[in-house]
Amino acid sequence: MSDFEYANAPESKAIANIAPNYGLFIGGKFVDPKKGKSFSTINPATEELLSKVGYGDKSDIDAAVRSARAAYTKIWSKMPAKERGKYLYRIARIMQERAREFAVVETLDNGKPIRESRDTDIPLAAAHFFYHAGWADKLEYAGFGSKPKPLGVVGQIIPWNFPLLMLAWKIAPALAAGNTVVLKPAETTPLTALLFAEVCQQAGLPDGVVNIVTGDGITGAALVNHPDINKVAFTGSTEVGKAIARSISATKKSATLELGGKAANLVFEDAAIDEAVEGIINGIFFNQGHVCCAGSRLIIQENVADEVLEKLKKRMSLIRVGDPMDKNTDLGAINSKEQLNKIEEISKTGDAEGANRWSPDVKLPTKGFWYPPTIFTGVTQSHRIAREEIFGPVLSVLTFRTPSEAIEKANNTMYGLSAGIWSDKGAKVLWAAKQLKAGVIWSNTFNKFDPASPFGGYKESGWGREGGRHGLAGYLASEAKVNK
Amino acid sequence: MSSLDVNKTYKLFIGGAFPRSESGRVYEIKGANKKFLANPALASRKDLRDAVVAAKSAQSGWANATAFNRGQILYRIAEIMQGRSEQFVEEICALEGITTKAAKLQVVEAIDTWVWYSGWCDKLSSVSGSQNQVSGPFYNFTTPEALGVIALFAEGKPSLLGAVRTLAPALAGGNSAILIASESFPLPAITLGEVIATSDVPGGVVNILTGKTSELLPWIGSHMEIDGVDVAGLNKKQEDEIKLVGADNLKRISRFAPGNHPERILSFMEHKTIWHPIGI
Amino acid sequence: MVNIARTELDRIGGKSLPVAAVATAFPSGRASLAVKKIDTQDAIDAGANEIDMVIDRGAFLSGRIYDVFEEIRVIKEICGKKAHLKVILETGELVTYDNVRKASYLAMIAGADFIKTSTGKVAPAATAPVVLVMLEAVRDYFTLTGEKIGVKPAGGIRTTKDAIKQLVLVKETAGEQWLTPELFRIGASALLNDLLMQRMKLRTGHYASANYVTVD
């Protein structure tokens, strides 16, 4: 027992005005789902009910797509580009004004620490709108031809790990390029999307330009398969991504997919070790490891492995797990019982297949869904915990002797989303960056995102990029390609 | 009696060599005048398998060569093709039944296509890369990289140009290629292989198969080592089929309008974004 | 000044309070080693229990690492068992974190009992990143040798909030064992007044004014 215990630093819930029910946001208004069904969303840290939101089925999706199509044809495609941009600027500014409210709602609905919602998710989301607002009337300079055209109506499906941020990654570029959207938020995290709908109303966005239909996988499938959308944008698991690719194979729809990952975080002998340890921690425990680009495979050069692991374990003992609404919390709740089960199932194979599990002593809350920060050492390439995406705070640790071996192990996966390199030697960093088959490479840093920086994966981590000039390509008609 | 022509046996082009199909099969090609022209190889799935092995093994060396080097090699292809213009003109006329004038225009356009893509090799990251202004002390840049092994279904007509305009852009981006010649108009594609073989192109970077599209299609669609497909020579039904099966490893599948465009190169490339902190 | 301080403290009942004195041509350190040795001996003879020396930054930055090491070793020898040795790195002049880390190790290997950031005459002084680097060095030195060396950030810590941040850094880096004056002290003057003002707010519930706290 020490003299220097930290006091609780609770963020107040008062600012979050969560309504007991929400309808679907179609044609600029909140409307009841046609069949009148709704479903609950809970706080995963406490299992308390937050709200009941509308369940959108095929007919609701149809209404939303019709609304988006009408808005596209009659209003949005005719609007001068700079006016389009100004709507996006308004949205960005209102998001910044209501930032604290968004952060609190996001933490309550998702389970992530309030520090993350406040300092990462919400500012980045607003920044995405601000960045793309600026592109709206400059598309002819973006390198896609002198008169680039939008695609029309896009159907967008987002995951639960960064609800508002993923919404921003989807809607901002789509609108900037001149498309209208129907977006389906994740089943367990609908609330910030519905708050965003209010922002659209406050910004005076023309009705039907953005439509938000809450629901589940069936709702999503209805959107993917709707005949009158021109494109699908999806972020989620590789398995579902492939299913979507198959669904649209005989259609004229294009798609961008942001799928899974099993990123290698390489620590070379000449890394700045303390910095690398912070980077490893951030890489796998940020957002409870619910990150497609998480550094979930730590590959350490053998001659510094002991030192790194010792420091890593000491640092892990300082991770504060608990109430996401406490500003001191580092690791929040697992988003759902379903996800917790998945994490437990795959982690158990780590024990079964002979890896060595270690977690610091943490007292987990009794209600809600929780998992302690965990590492497995003695992991080999063939272990399931080295190959499959766990999507939780579980790190698999392997070692290497030569740089070529590091690259070989890092690339030996069907994923290719991101990778980390820790070394103080410039030429080595650039060499490793060149060899690694990953769309995002963080050298001597990790988990950095920016609206100007294109994000996306090689191989089965997906198709296309989001963010930056390159991210616009997914929302503009191609000059050279034809859809039969 | 004038001297008898020594007719060419049209074999496959795999790994820099010209083997027959391992199946021993051939099929008959008649000219526009309905007379026998040749018995090109009827490639089997095992030939395809071997072609992919060759393409995979050659790809990283090709991608790691300097862009300047790749550009010079693509230009060399144009040089060698120029020298063989008459051979191509004759072959195209016999096969397609078009006039010598039209065939000459096709050959010229094919040569110019190699020249055009040759000039792109070392300009791709200037045009498609970027240094991104992130809001933090980081150096952040995006650069295009080769995708890997690309399968190309060449159009039937124009029989030479159709093959060239899919092959050149795939190579310019640092990929290796398996060109599936048009089933009905395959011959110039094999002669193209002869040009490739004498142009300093490393073995395995280009592989050319002739045969039945419908037989090879499912094997190409499902091959987990093929990363991208150009479906120019496929009809809609075949395209849909390959997109369905290709989803298993998320193949990047495209169909392009005729004509040259850097997007034909970039569609078979991947963009990589790299971050590094700035500070002392 | 050391004799005056010692005499006064003894007079008002502060016999157990140690006196720290600067030496070695503080703050610039630009004098010969002979002068620095006499300076140190003088202070100890006058009653100093702790000596604050400055490292030779010119020597450090021009690569004469052994000279820096040797000077610390010699001063430590003079201190002997009579006085603790605080080695001031003057991190503002070292500039890079790599240099701070290197100088920290050098000082510890040469015999420092405490490593200190600054003389107070150069900014930037005890920034959080600099203190973090020094705490990491101290932590690693402990892992390697079992010896605990103290850290003193000095300069630029003006508010109670700053001070609390430093304490958190200590707890999370070197560990709770360092949260004692034997191993961690903050060098500050304006801080005391802010601390008193914060105390007043806690007691009375409203914001205090500097007018109600004396400057000495």
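Rule-based calculations on the coordinates, nothing more; no lab input. What you see is a predicted model, and the numbers here were worked out from it, not measured in a lab. Note that each Cβ is placed from the backbone with ideal geometry, even for glycine, and that neighbours are counted across all protein chains shown.
Remarks
- Cross-link pairs A:86/B:272; A:262/A:409; A:448/B:123; C:15/C:81 - those with Cα-Cα distance over 20 Å: A:86/B:272; A:448/B:123
- Sorted by Cβ density within 10 Å, fewest first, the residues A:198, A:345: A:345, A:198
- When the helices of chain C are scored as -39500 (n - 2.57) per DSSP H run of n ≥ 4 and the total is divided over every residue, the value at 222 nm lands at -15500 deg cm²/dmol.
- When chain C is treated as a Gaussian network with alpha carbon springs shorter than 10 Å, the biggest mean-square fluctuation among C:76, C:116, C:161 belongs to C:161.
- Angle between chain A longest axis and helix A:191-202 axis [Cα atoms, degrees, rounded to 10]: 40 degrees
- Relative contact order [Cα under 8 Å, 6+ residues apart], the stretch A:264-450, whole percent: 30 percent
- Fluctuation leader among C:32, C:189, C:118 - chain C, Gaussian network, Cα springs under 10 angstrom: C:32
- For the residue pairs A:35/A:78; A:311/C:121; A:481/B:34; A:35/A:170, the alpha carbons lie more than 31 Å apart in A:35/A:78; A:311/C:121; A:481/B:34.
- Unit charges at the beta carbon, dipole of the protein assembly as shown: most positive-side option, A:221, A:4, C:206: A:221
- Environment charge at residue C:55 (Cβ cut-off 9 Å; Lys +1, Arg +1, Asp -1, Glu -1): -2
- Euclidean distance between Cα centres, the stretch B:59-98 to the stretch C:138-216, Å: 74 Å
- Across B:204, B:24, B:97, mean-square fluctuation computed from a Gaussian network of chain B (C-alpha pairs under 10 Å connected) peaks at B:24.
- Exposure proxy ranking, count of Cβ atoms within 10 Å, fewest first, for A:218, A:343, A:334, C:115: A:218, A:343, A:334, C:115
- Equivalent ellipsoid semi-axes, the stretch C:115-216, via Cα gyration tensor eigenvalues times 5, rooted, Å: 29, 15, 10
- For the pair the stretch B:241-263 and the stretch A:192-247, the centres of their Cα atoms are 25 angstrom apart.
- Three-way shape label, the stretch C:79-121, alpha-carbon gyration tensor, a/c 1.5: oblate
- Helix A:238-247 vs. chain A, principal-axis angle (Cα, 0 to 90°, nearest 10): 30 degrees
- Prolate/oblate/rounded label for the stretch B:1-76 (Cα gyration tensor, a/c 1.5): oblate
- About the Cα centre, charge dipole magnitude for chain A (Lys/Arg +1, Asp/Glu -1 at Cβ), debye: 2140 debye
- Length-normalised contact order of the stretch C:2-188 in % [C-alpha pairs under 8 Å, at least 6 apart]: 15 percent
- Looking at chain B, the DSSP beta bridges with both ends there are about 50 percent antiparallel.
- Going from the fewest other Cβ atoms within 10 Å to the most, the residues A:207, A:121, B:5 appear in the order B:5, A:207, A:121.
- For peptide A:425-437, the mean count of partner chain Cβ atoms within 10 Å of a residue's Cβ comes to 2.
- DSSP beta bridges confined to the protein assembly as shown are antiparallel in about 30 percent of cases.
- Across the alpha-carbon set of chain A, the Rg to Rh ratio works out to 0.97, Rh being the Kirkwood radius.
- Contact order for chain B, expressed relative to its length and based on alpha carbon pairs under 8 Å spaced 6+ residues apart, stands at 25 percent.
- Proximal charge balance of residue C:27 [Cβ under 9 Å; K/R count +1, D/E count -1]: 0
- Taking the C-alpha atoms only, the angle from helix B:85-96 to the longest principal axis of chain B is near 70 degrees.
- Cα-Cα pairs of chain C separated by more than 21 Å (percent): 56 percent
- Distance between the stretch A:13-78 and the stretch B:22-51 - C-alpha centres, whole angstrom: 59 Å
- Members of B:56/B:157; B:11/B:237; B:30/B:212; C:116/C:171 lying beyond 21 Å, as alpha-carbon distances in this model show: B:56/B:157; B:11/B:237
- Cut-off 14 Å between beta-carbons: net charge of the residues surrounding residue A:366, Lys and Arg +1, Asp and Glu -1: -1
- Cα-based shape type of the protein assembly as shown, given that a ≥ b ≥ c are square roots of the gyration tensor eigenvalues and the cut on a/c is 1.5: prolate
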